[in-house]
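First comes the structure, then the notes that go with it.
The values are calculated or read from the model by the stated rules, or taken from the named source; none is laboratory data. Owing to the predicted nature of the structure, the values given are computational and were not obtained by experimental measurement. Quick reminder, even Gly has a Cβ in these numbers, built from the backbone with ideal geometry, and neighbours come from all protein chains shown. With ligands, DNA and RNA removed, areas are computed over all heavy atoms of the protein, side chains included. Shrake-Rupley method; radii C 1.70, N 1.55, O 1.52, S 1.80 Å.
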Amino acid sequence: MKYTNPVIKGFYPDPSVCFAEGKYYLVSSSFQFFPGVPLFESENLVNWNQIGYVLTEKNQVMLEKINSSGGVFAPTIRYHNGRFYMVTTNDTTHQNFYVYTDNIHGKWSDPIFVDQGGIDPSLLFDDDGNVYFLSNGCDDYGESGVVQCQLNIETGEKLSHSKCIWKGSGGRYLESPHMYKINGEYYLMAAEGGTEYGHMVTYARSKSVWGEFENYPLNPVLTNRNKAPFIIQGIGHGDLIKDKNGEWHIITLGFRQIHMWQPYHHLGREVFLTPVRFDKDGWFTAGNDGTTDFEYETDGNFNQDKLKPYTFENTDWGIDWCFIRHPNMDNYELLGDRAVLKGTEITLEEVDSPTFVGLRQRDFDMDFSVDVEVDGGEGGITVYMCENEHYDVALRRNKDAFEAVLKLNIGGIKHIQSAVRLKGNKAKLIIRSDSQVYRFYVKDGSDEIGLGYAMSKYLSSEVSGGFTGVLTGLYAIGNNKAEFTELEIKY
């Protein structure tokens, strides 16, 4: 059957994948958002269902007032002897740690910290029983590159010095190391070029887990850096996986530009699947020409799922939704058919945890609507990139009346685009988008009123910076209780 990339749409960067108990499991970065590390399950590597998060307890990850695009970086998921392990970095505290569970649908352990620096940690469970911990950074001797130590997986204790084992193929920003043992040889795969338009997957191999590693002669093995004009860019940060039919694939991140000739992306880095083939000499190639395309064929008798419309009734507060940093749950009443949010003095412009609950925007073409009722203060919906870049349409009290207001926040500029007086304190708020424009409306009774528009490129990583993507959120500010009903997000 044919499948279309990306296989997971929206802000789910730095994917890592493993196979366990007949299914595939995938995790991605979450940065400042909580719960941390989205967790997916699949039967076929193409259709993925989010089943929860890995870091669901506040004591598992420090997120208090951390910078945007700080926090949880680049997790790796592995399965060994009936146990799942997820290892990651809190880039704000500069700590590498892992958690584990024997039940993928249950709670994960408290964090176990590893005394090795760098970012993008990974684990290798060798067939001789040894466990190795990899990251990219500086080793115990001051040498930088892919760094490795032997690890006591029960305690997190290092059983060897941390040693640099590979310096990459020559690209900048070496990161995302993963080690695999295939047919008796050790394959070390990494990303180079930076997680933007120069991103690429490279690899080397060795007879020994400590090297010396021989570079693949045709590195990079996978990149879209010169595939232009083309919508899919930024391919890299890959994890190698063999499917149930014995075929190999690379799961990578990538992103979709808003237009062929406009190099901006605002949905975040998404998940792409590219086929891999090994030759008789043991080297592997990826894709048809070392690039990732929109469409491939894979074995299996199934259809690719389409994005479902989101409503309160068909989403799960503990699976689909997330908060900005650690929330104060006293301010949330999250029910099966509505959300009631209690506002505080913390706004969306602060490096803190405003009263906000959101879903990742999954595609360019979107129709987002919800009924909102406020009793004071401000309550509304937002397309949110970070504190500095977000577009909000809301209801708020203005003296003795209520109004709908469109607020555009770009680069520290806070602009009220329009304000319309309402008949009462309840109305339907609407955001409609394509790849380049968001348009904002309020429906007051039977009257739908346009409030204005804003360009998507100003919520992009190219403008805003950072490593996240747009979330569609509900929020409340000030001395206010905002009630949201009749949510619908259609793609």
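A few remarks follow.
- Of all residues in the range 236-274, those satisfying the criterion of being over 22 Å from the mean Cα position of the chain (by Cα), farther than 29 Å from Tyr458 by Cβ and not polar (S, T, N, Q) are Lys242, Asp243, Lys244, Gly246, Glu247, Trp248.
- Filter result for Gly466 (within 22 Å of Pro327 (Cα to Cα) and touching a residue at least 24 places away in the same chain (Cβ under 8 Å)): yes
- Options Tyr173, Tyr197, Tyr186; residue that is modelled with pLDDT of 95 or more and either closer than 20 Å to Glu295 by Cβ or assigned to a strand (DSSP E or B) (or both): Tyr186
- Scanning the range 269-314 for residues that are in contact with a strand residue (DSSP E or B) (Cβ under 7 Å, 6 or more places away or on another chain) and within 30 Å of Val61 (Cα to Cα) turns up Arg269, Glu270, Val271, Phe272, Leu273, Tyr310, Thr311, Phe312.
- Matching residues in the range 426-440 - criterion: being in contact (Cβ under 8 Å) with a residue 40 or more places away in the chain and either assigned to a strand (DSSP E or B) or open to solvent by less than 60 Å² (accessible area, probe 1.4 Å) (or both): Lys426, Ala427, Lys428, Leu429, Ile430, Ile431, Arg432, Ser433, Ser435, Gln436, Tyr438, Phe440
- Some residue of the range 150-168 being within 27 Å of Tyr12 (Cα to Cα) and either among the aliphatic types (A, V, I, L, M) or without any contact (Cβ under 8 Å) to a residue 24 or more places away in the chain (or both): no
- Among (1) part of a loop (DSSP other than H, G, I, E, B); (2) open to solvent by less than 20 Å² (accessible area, probe 1.4 Å), the one test that Phe255 misses: (1)
- Scanning the range 177-231 for residues that are touching a Pro at 6+ places or on another chain (Cβ under 8 Å) and open to solvent by 40 Å² or more (accessible area, probe 1.4 Å) yields one hit, Tyr197.
Yes/no matrix, rows are residues, columns are (1) open to solvent by 20 Å² or more (accessible area, probe 1.4 Å); (2) touching a Gly at 6+ places or on another chain (Cβ under 7 Å):
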{"residue": "Thr101", "(1), (2)": "no, no"}
{"residue": "Ile104", "(1), (2)": "no, no"}
{"residue": "Ser122", "(1), (2)": "no, no"}
{"residue": "Asp140", "(1), (2)": "yes, no"}
{"residue": "Ser144", "(1), (2)": "yes, yes"}
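- Of all the numbered requirements in (1) within 25 Å of Pro327 (Cβ to Cβ); (2) open to solvent by 10 Å² or more (accessible area, probe 1.4 Å); (3) touching a strand residue (DSSP E or B) at 6+ places or on another chain (Cβ under 8 Å), Thr93 misses one, and that requirement is (3).
- For the range 61-73, the criterion of a residue being in contact (Cβ under 8 Å) with a residue 60 or more places away in the chain, open to solvent by less than 20 Å² (accessible area, probe 1.4 Å), over 17 Å from Pro111 (Cα atoms) and not aromatic (Phe, Trp, Tyr) is satisfied by at least one position.
- Top-ranked residue in the range 289-328 [being of a type in the set (Phe, Trp, Tyr), under 18 Å from Gly473 (Cβ atoms) and in a loop (DSSP other than H, G, I, E, B); ranked as most open to solvent (accessible area, probe 1.4 Å)]: Trp317
- Identity of the residue in the range 365-392, charged (D, E, K, R) and part of a strand (DSSP E or B), that ends up most open to solvent (accessible area, probe 1.4 Å): Glu373
- Residue count for the range 393-422, restricted to those that are outside any strand (DSSP E or B) and at pLDDT 95 or above: 2.
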